[in-house]
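Colleague: Got a structure here, written out as structure tokens. Questions coming.
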Amino acid sequence: MQKGGIIKISGPLVVAKGIPDARMFDVVRVGKERLIGEILEIRGDFSSIQVYEETSGLKPGEEVESLYHPFSVELAPGLLGNIYDGIQRPLDLIRAKKGDFITRGIEMKAIDREKEWDFQPRVKIGDNVVPGDILGVVQETEIIEHRILVPIGIEGKVKEISSGKAKVENTIAVIETKKGEKSISMLQRWPVRKMRPYKEQLDATEPLITGQRVIDTFFPIAKGGTACIPGPFGSGKTVVQHQLSKWADAQVIVFVGCGERGNEMADVLRKFPQLKDPRTGRPLMQRTILIANTSNMPVAAREASIYTGITLAEYYRDMGYDVALMADSTSRWAEALREMSGRLEEMPGEEGYPAYLPSRLAEFYERAGKVICLGQDGREASLSAIGAVSPPGGDLSEPVTQATLRVVRVFWALVAELAYQRHFPAIHWLRSYSLYIDELAPYFTKEVASDWMELRKKAMALLQKEDELQETVRLVGLDVLSAQDRIAMETARSIREDFLQQFAFHEIDTYSPIKKQYLMLKLILDYYDLCINALDRGVSLDELISLPIREDIAKAKYIPSEDAEGKIGNLRQRLKEEISKLGSKE
């Protein structure tokens, strides 16, 4: 077969001449070591290739061979519990065979071809099937049932269907289509840059419960929603994403470490197998896929890692699962785009980023959503995308943050000052927002409490008032405030310290069920209402501020979830009694 030859090497960019029938985004093998790359640009007989591996040692004149298919991922049972690099090479297998370092040009299948799975059919001979129908199921892990779907573009009558042990490449069904018989195996491939189709997009009506109070109560994300966590170094972006991976109300988690430090991914790898899934008690890794593209790996592969992650997430969504994708962080992906754009000598946009950065980010986030999947059963599923952004110096006006905020509907603003005060999660309650509030209000009102929205609004108003009063306090001191304003300040402090602050490494406080969040917030706001009434009756401010029960209110976060209703109810009763006693003394 005729092959092209290298004529120029510039970091991860290789220019080759004479690749026959070259097409955009086709995968190529570069040089003697057969490094993997992707065609980004074609000008006449010259192809510009983004190489996903280290290019040192390549020489002009070495051969370049096109594989004539776009960069695709393998989809089959065996994905869950694995850790891949950005181009879907299984890192645990590479380590077992090659040692601790990835050798260049290594070729290894993402899916184990020898493992046998117990395939149980869900259709019978003679059934008519369409793309997205469930042919059968395989118990991939103890938690997740892997559903084998009719591939896109295949429709017809089931002629053969097998049952029992099978490898991923074995034929499990034969479908008679208008174009002849098609053999179906459990292994499918899908190009990563192409969105997987669905039947219909649905409105967001249900929150993705995370167990993090500042998120669920104040800035919720919907199932199928998009969120962005920007923040400077050390403000806790990764810890927030780890918390969401552990506790979010999603059945499958895809965690993409894009250009992050290796120790952070190592932390995920070490902790996730030890963590128990709160719903099943099984190891969390049984419903998690990790994609590691650390900062010491080739820059160009960062783009691939983001697309690999979202494609795997779409695959499990198509089965009918609620999936959450964590991308940490999209800034590193944007840096890779900037580097490649510079080497391709494209016209730069703001701060050197390519002019198409906003459209690339939009393409990524628009693959999230709540949908009706393909198939005849009308199953609903969702894919939520949560991306961290690492703006240099915490400057939220930089292009990646701004382009992301135009697309996503939830903004969790991490602030360095809060992190320095050891207030975690360091999500600022006045700078963050969620555009899903109105759509999710009926759910919270029906499923949690009828006064949920009123409580939330009242708490936010108190936090806003505290912020306004702080300026007065800084200028002339606390003593000039009225007793009512002092109580508002005390209540806002209680909301911040006793409700919004959450200890990720405490076995009880790490996860707070939505009902417990409501009870805690109601208790704090009851204190405010009762104190305002007591002030009208002439009770002194000092007595109200120094109530002994306030310490117990602060400790309510450590009450086990199963005891929350009873114990917090008792605290509310005690609070009323203690304040009423103050009134009777007068």
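The values are calculated or read from the model by the stated rules, or taken from the named source; none is laboratory data. Please read these numbers as outputs of a predicted model, since none were measured by experiment. Counting neighbours? That spans all protein chains shown, and the Cβs are built from the backbone with ideal geometry, glycine included. Heads up: the accessible areas ignore ligands, DNA and RNA and are worked out on the full protein's heavy atoms, side chains in. Shrake-Rupley method; radii C 1.70, N 1.55, O 1.52, S 1.80 Å.
Colleague: Cβ-Cβ below 7 Å, separation at least six or inter-chain, first residue in region 441-467 and touching a residue at least 12 places away in the same chain (Cβ under 8 Å) and outside any helix (DSSP H, G or I), second open to solvent by 20 Å² or more (accessible area, probe 1.4 Å) and aromatic (Phe, Trp, Tyr): which pairs?
Modeller: Going by the 7 Å Cβ cut-off, the qualifying pairs are Val448/Tyr518; Ala449/Tyr518.
Colleague: Residue under question is Val168, and the condition is that it be open to solvent by less than 10 Å² (accessible area, probe 1.4 Å), modelled with pLDDT of 95 or more and in a loop (DSSP other than H, G, I, E, B); does it hold?
Modeller: Spelling it out, Val168 is indeed open to solvent by less than 10 Å² (accessible area, probe 1.4 Å), modelled with pLDDT of 95 or more and in a loop (DSSP other than H, G, I, E, B).
Colleague: Select from region 411-435 the residues that are touching a residue at least 12 places away in the same chain (Cβ under 8 Å), open to solvent by 60 Å² or more (accessible area, probe 1.4 Å) and either out of contact with any Lys or Arg (no Cβ under 8 Å at 6 or more places or on another chain) or in a helix (DSSP H, G or I) (or both) and list them in ascending order.
Modeller: Answer for region 411-435, where residues must be touching a residue at least 12 places away in the same chain (Cβ under 8 Å), open to solvent by 60 Å² or more (accessible area, probe 1.4 Å) and either out of contact with any Lys or Arg (no Cβ under 8 Å at 6 or more places or on another chain) or in a helix (DSSP H, G or I) (or both): Phe424, Arg431, Tyr433.
Colleague: State the number of residues belonging to region 215-232 that are open to solvent by 10 Å² or more (accessible area, probe 1.4 Å), in a loop (DSSP other than H, G, I, E, B) and not charged (D, E, K, R).
Modeller: Going through region 215-232 one residue at a time, the tally reaches 2.
Colleague: Same structure again: Just checking, how many residues over region 387-410 are outside any loop (DSSP other than H, G, I, E, B), buried (at least 21 other Cβ atoms within 10 Å of the Cβ) and in contact with a helix residue (DSSP H, G or I) (Cβ under 6 Å, 6 or more places away or on another chain)?
Modeller: Here the count works out to 6.
Colleague: Just to check your reading of the model, which residue among Asp479, Asp438, Asp509, Asp485 is in a loop (DSSP other than H, G, I, E, B) and among the acidic types (Asp, Glu)?
Modeller: Asp509 is the lone residue from the list that is in a loop (DSSP other than H, G, I, E, B) and among the acidic types (Asp, Glu).
Colleague: So, in region 362-379, how many residues would count as being touching a strand residue (DSSP E or B) at 6+ places or on another chain (Cβ under 8 Å), assigned to a loop (DSSP other than H, G, I, E, B), within 19 Å of Ala250 (Cα to Cα) and of a type in the set (D, E, K, R)?
Modeller: Selection size over region 362-379: 2.
Colleague: What residue, among those in region 275-309 that are among the basic types (Lys, Arg) and open to solvent by 10 Å² or more (accessible area, probe 1.4 Å), is farthest from the chain's Cα centre (by Cα)?
Modeller: Arg282
To keep it simple, each residue is scored yes or no on (1) in contact (Cβ under 8 Å) with a residue 60 or more places away in the chain; (2) polar (S, T, N, Q); (3) more than 30 Å from Lys446 (Cβ to Cβ).
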residue: Gly132; (1), (2), (3): yes, no, yes
residue: Ile143; (1), (2), (3): yes, no, no
residue: Leu149; (1), (2), (3): yes, no, yes
residue: Lys157; (1), (2), (3): no, no, yes
residue: Lys182; (1), (2), (3): no, no, yes
residue: Asp203; (1), (2), (3): yes, no, no
